[in-house]
Amino acid sequence: MKKKKGFVLRDICGQKVISGEGLEQVNFSNLISLNETAAFLWEAVEDNGFTAETMADALCLEYEVEREIALRDAEALCAKWKEIGLIED
């Protein structure tokens, strides 16, 4: 998977949000708010490609979490990001 071009993480009034930049992301009515862990993962994954497994690895390195739980959560987050159009295969 990879991040779709034009989405950036910003800190707006103390909240981590993903916003679209450029002509491809003209609908500015949508800001996607991320919790601390999701924002960490957005910054941790490579722009040119990542998997739920690499996200789980990052979670295990950063937080005290079991690999199975980290992988389950990473898979769910990937599915959500794909559903709302932030990432693609």
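The values are calculated or read from the model by the stated rules, or taken from the named source; none is laboratory data. All figures in this text were calculated on a predicted structure; none of them were measured in a lab. Quick reminder, even Gly has a Cβ in these numbers, built from the backbone with ideal geometry, and neighbours come from all protein chains shown. Accessible surface areas use protein heavy atoms only, side chains included; no ligands, DNA or RNA. Shrake-Rupley method; radii C 1.70, N 1.55, O 1.52, S 1.80 Å.
Does Asp89 meet the test of being open to solvent by 100 Å² or more (accessible area, probe 1.4 Å) and either farther than 10 Å from Lys2 by Cα or at pLDDT below 95 (or both)?
Yes; evaluated as a whole, the condition is true for this residue.
Just to be sure I understand the filter: pairs with C-beta atoms under 7 Å, separated by 6 or more residues or on different chains, first member in segment 20-42 and under 30 Å from Ala56 (Cα atoms) and polar (S, T, N, Q), second member modelled with pLDDT of 75 or more and surrounded by fewer than 17 Cβ atoms within 10 Å (Cβ to Cβ). Which pairs pass?
Matching pairs, first to second residue: Gln25/Gly6; Ser33/Gln15; Ser33/Val17.
Hey, can you tell me all the residues within segment 40-67 that are of a type in the set (Val, Ile, Thr) and modelled with pLDDT under 95?
Selection gives Val45 alone.
Please identify the pairs in which a residue from segment 51-64 that is under 19 Å from Lys2 (Cβ atoms) and among the hydroxyl-bearing types (Ser, Thr, Tyr) has its Cβ atom under 8 Å from the Cβ atom of a residue that is at pLDDT 95 or above and open to solvent by less than 50 Å² (accessible area, probe 1.4 Å), counting only partners at least 6 apart or on another chain.
none
Among the numbered conditions (1) modelled with pLDDT of 95 or more; (2) under 15 Å from Lys16 (Cβ atoms); (3) open to solvent by less than 40 Å² (accessible area, probe 1.4 Å), tell me where Thr37 comes up short.
Going through (1) modelled with pLDDT of 95 or more; (2) under 15 Å from Lys16 (Cβ atoms); (3) open to solvent by less than 40 Å² (accessible area, probe 1.4 Å) one by one, Thr37 breaks only (3).
I need every pair where a residue in segment 69-89 that is at positive phi has its Cβ under 9 Å from the Cβ of a residue that is open to solvent by 60 Å² or more (accessible area, probe 1.4 Å) and not in a strand (DSSP E or B), sequence separation at least 6 or different chains.
Matching pairs, first to second residue: Gly85/Lys4.
Being closer than 14 Å to Ile18 by Cβ and outside any helix (DSSP H, G or I) is the filter here, so list the residues in segment 60-85 that pass it.
Correct list: Ile84, Gly85.
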